[in-house]
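This report concerns only the one structure given below.
The values are calculated or read from the model by the stated rules, or taken from the named source; none is laboratory data. Here the structure is a predicted model, which means the values were calculated and not measured. We place every Cβ from the backbone using ideal geometry, glycine too, and count neighbours over all the protein chains shown.
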Amino acid sequence: MEIFDRDDRQGIIVTGGFDDRNSIVELIRNSFIDVIHRTFTDDEIDRTELEFPYLAKKGLDELRHAVVPTVNHHHRLRIIDSHEVDMTESRQRNDYPEKQDEISDDLSNRLIWNTYEEGKLLGIEHVKMNGQVIFLSEGEIIECNPVERTLLLKRSQFKGRSRYDGLKTPKQKGDYAMTALREGAFSYHHIYFRHDGEVIGTYYNINTPIECYPDKIRYVDLDIDVVRWPDGTMEIIDEDMLDRSAQRGFLGTALQKKAKDLARELCILSR
């Protein structure tokens, strides 16, 4: 059996016999709720891919910190600038071992939040559970709160189909959306408007906790979503797609239940 990093450092790839790979998958899935599991066959070699979203990375950070001083969000920040993370952790270890949170916040701000400014465009990396990456239309930063780790984006160049998913409403020239999100949240929402400000509807996306990077946000989409029409009517959509993804082994039962429970909570809280 071999284990090595994915090229994008968002997880690992495991090769070897089925039993060995399955034992690794179960161990990791039982440890981190948001791990996504995919199995592929390349050149007649079976391999298992494990994606580590926000909480899995956080759990790995904590395990590493039990052995050596580790900044918060170590595994995510290393994707951005591994040299800066190494230098910061070296200083923490030698000079300020008691200031982990303060040093971590400063590093996150320097690498991510201080790069955000009004008018900057951010990508949205919408990863499907099968591994397909969909790049949603970019959002212009309207508001940024580094303390609360929240962003408000305006999006006006929509891609894809001629209708808004879930809302079943045709797209028109001049439409735009206000997208509100918080780092680490299991959902975020888009409020769609016509050019004159008329509300088209609201789409609540349910996902693995949002990760922020200097040029984008990233998450794995969990299929199930909630829509709200202007008259206040709400509906949970694509629950069957979530169930099929669970049957295919992409996610564990705990994450499946978390997504369904959140969809029902959003229907209550958003009325």
Discussion item. If I ask for residues that are more than 30 Å from residue 34 (Cα to Cα) and assigned to a loop (DSSP other than H, G, I, E, B), which ones from the stretch 182-202 would you list?
Written reply: 194, 195, 196, 197, 198
Worksheet, complete the sentence: Over the stretch 238-254, the set of residues part of a helix (DSSP H, G or I), in contact with a helix residue (DSSP H, G or I) (Cβ under 8 Å, 6 or more places away or on another chain) and over 21 Å from residue 166 (Cβ atoms) is 253
Practice prompt. Quickly run through the stretch 156-181 and pick out the residues that are assigned to a loop (DSSP other than H, G, I, E, B) and touching a residue at least 12 places away in the same chain (Cβ under 8 Å).
Written response: 156, 157, 158, 159, 165, 166, 167, 171, 172, 173, 174, 175
Worksheet item: So how many residues does the stretch 196-237 have that are farther than 16 Å from residue 127 by Cβ and either outside the structural domain of residue 148 (by TED's automatic domain parsing) or in contact with a helix residue (DSSP H, G or I) (Cβ under 6 Å, 6 or more places away or on another chain) (or both)?
Response: 5
Fill in: The listed residue being of a type outside the set (Asp, Glu) and within 26 Å of residue 11 (Cβ to Cβ), out of 213, 203
213
Fill in: Within the stretch 66-81, tally of residues that are closer than 22 Å to residue 21 by Cβ and either surrounded by fewer than 17 Cβ atoms within 10 Å (Cβ to Cβ) or touching a His at 6+ places or on another chain (Cβ under 6 Å) (or both)
0
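Working only within the stretch 116-147, note down all residues that are on the phi < 0 side of the Ramachandran plot and either in a loop (DSSP other than H, G, I, E, B) or outside the structural domain of residue 210 (by TED's automatic domain parsing) (or both).
Selection gives 116, 117, 118, 120, 128, 129, 130, 132, 146, 147.
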Discussion item. For residue 224, only one of the following conditions fails: (1) crowded, with 19+ Cβ neighbours inside 10 Å; (2) β-branched (Val, Ile, Thr); (3) in a loop (DSSP other than H, G, I, E, B). What is its number?
Written reply: (3)
Worksheet item: Regarding residue 153, is this residue modelled with pLDDT of 95 or more and either part of a loop (DSSP other than H, G, I, E, B) or surrounded by 14 or more Cβ atoms within 10 Å (Cβ to Cβ) (or both)?
Response: yes
Fill in: Pick from the stretch 58-114, criterion touching a residue at least 60 places away in the same chain (Cβ under 8 Å) and of a type in the set (D, E, K, R), ranking: farthest from residue 151 (Cα to Cα)
78
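Results for (1) surrounded by 12 or more Cβ atoms within 10 Å (Cβ to Cβ); (2) within 17 Å of the chain's Cα centre (by Cα); (3) more than 27 Å from residue 130 (Cβ to Cβ), shown as yes or no for each residue.
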{"residue": "7", "(1), (2), (3)": "no, no, no"}
{"residue": "24", "(1), (2), (3)": "yes, no, no"}
{"residue": "30", "(1), (2), (3)": "no, no, no"}
{"residue": "37", "(1), (2), (3)": "yes, yes, no"}
{"residue": "45", "(1), (2), (3)": "no, no, no"}
{"residue": "60", "(1), (2), (3)": "yes, yes, no"}
{"residue": "64", "(1), (2), (3)": "yes, no, yes"}
{"residue": "83", "(1), (2), (3)": "no, no, yes"}
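Please work out which residue is modelled with the highest pLDDT, limiting yourself to the stretch 66-88 and to residues that are part of a helix (DSSP H, G or I) and among the polar types (S, T, N, Q).
Quick first cut of the stretch 66-88, residues part of a helix (DSSP H, G or I) only: 74-88.
With the extra rule that they be among the polar types (S, T, N, Q), the set shrinks to 82, 88.
Working: 82: 96, 88: 92.
Within the stretch 66-88, the match that is modelled with the highest pLDDT is 82.
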Discussion item. Given the criteria more than 29 Å from residue 248 (Cα to Cα), modelled with pLDDT of 95 or more, surrounded by 13 or more Cβ atoms within 10 Å (Cβ to Cβ) and under 20 Å from the mean Cα position of the chain (by Cα), does residue 125 qualify?
Written reply: no
